[in-house]
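Take a look at the structure set out below.
The values are calculated or read from the model by the stated rules, or taken from the named source; none is laboratory data. Owing to the predicted nature of the structure, the values given are computational and were not obtained by experimental measurement. We place every Cβ from the backbone using ideal geometry, glycine too, and count neighbours over all the protein chains shown.
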Amino acid sequence: MKSKLLILAMYSITLAFVFSSCKKGGDTQYVCTTCNSTPEGLAANDNLAKGIYKGVVIGSSGTIKFDVNNAGNTITATLTIDGQTATLISQVSVPPTGTYMSPFFGTLNGQPVSVTFSVNFDGTSPTITTSNIPGHPNAVFVIAKETSTALVRCFEGTYSTNKPENGTFNIVVSTTLKGWKGKARETGASSTSDIDGTYANNILYYGTGTTTPIATINGDTFSGSFFDGSYTVTVNGQRKG
C-alpha cells in the first residue's frame, strides 16, 4: 500500500471509523470450516524449533502452514495460493541447537515449487528466506509460531480507497505477535508494504496503542473503514488458516 498507510500513526487525524455489524435477513455469516478453534502446537514444542507455524502469502494471495515434527516425525508444509493447494516436504532434520533452515519441495499445477523456511532453535524468528512458486512471482510471507496457548489466525483480505486504489490486505493475528502483522500490495504492483498493529477486544488497531482502529473481527471475518489522512480506506477479510 502507499506510504500514506505506512505512516498512518504519525498523522493527527480525525478518524472516520465505520464498522458494519448488521446483516440483511437471510445473510449467512462466513465460517472457516477447515480452521482450528484451538492451538495445534504442543506444549513440549513451545520453545523449540519443532511445532506449528502459520502464515499468509501475497503474490497472488494465500496461506501456508508448517508442521515441523509437531506430533510425529514428519516435516511438511501446506501451501494454498489462489485456491490451489500443494503439499511440500522437507528432508532436513531439526538440529538441537542453532538455526533450523530447510527447503521444502512439492508441485503446484504440475510444476515444481520450493520454499525455504528458517527458524531459531527456540522457535523464534520464523521466516521464509527464498521461494519459487511458478505463476506467482514476487511472493512474500508473514509467518508466526503457534504455541500450545496462542492460536494463530490467518486472514486473506482486500483494501480499497476513494483515491481510487485497491489491493490485497493479508494479515496474521496472534498473541505471539502481540497483535497482528501482514502484507498489503496494490493490484498490479510488484512491491509490498508491511502492515502491523495491536489487537484488543476484537478490534484491530494500526501501529502501537489503541488510538487508530481500522477494523473489527467478527468470528472468521474482519471489516472496517478509516481515514488515513488523505483517503478513506476500507478493509475486509476472511480467515483461511
Original post:
Where residues in the range 205-226 are surrounded by fewer than 18 Cβ atoms within 10 Å (Cβ to Cβ) and modelled with pLDDT under 95, which of them is nearest to the chain's Cα centre (by Cα)?
Top reply: THR208
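State all residues of the range 93-107 that are surrounded by 13 or more Cβ atoms within 10 Å (Cβ to Cβ) and in contact with a Ser or Thr (Cβ under 8 Å, 6 or more places away or on another chain); if no residue qualifies, say none.
Initially, the range 93-107 is screened for residues surrounded by 13 or more Cβ atoms within 10 Å (Cβ to Cβ), giving 94, 100-106.
Within the range 93-107, TYR100, MET101, SER102, PRO103, PHE104, PHE105, GLY106 meet the criteria.
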**OP:** Report, by residue number, each residue of the range 175-204 that is farther than 21 Å from ALA139 by Cβ and modelled with pLDDT under 95.
**Re:** THR175, THR176, LYS178, GLY179, TYR199, ALA200, ASN201, ASN202
**OP:** For LYS24, indicate whether it is modelled with pLDDT under 95 and basic (Lys, Arg).
**Re:** yes
**OP:** Being under 18 Å from the mean Cα position of the chain (by Cα) and of a type in the set (S, T, N, Q) is the filter here, so list the residues in the range 107-141 that pass it.
**Re:** THR116, SER118, THR124, SER125, THR127, THR129, THR130, SER131, ASN138
Original post:
With respect to the numbered conditions (1) more than 23 Å from the chain's Cα centre (by Cα); (2) on the phi > 0 side of the Ramachandran plot, which one is the sole condition not fulfilled by SER93?
Top reply: (2)
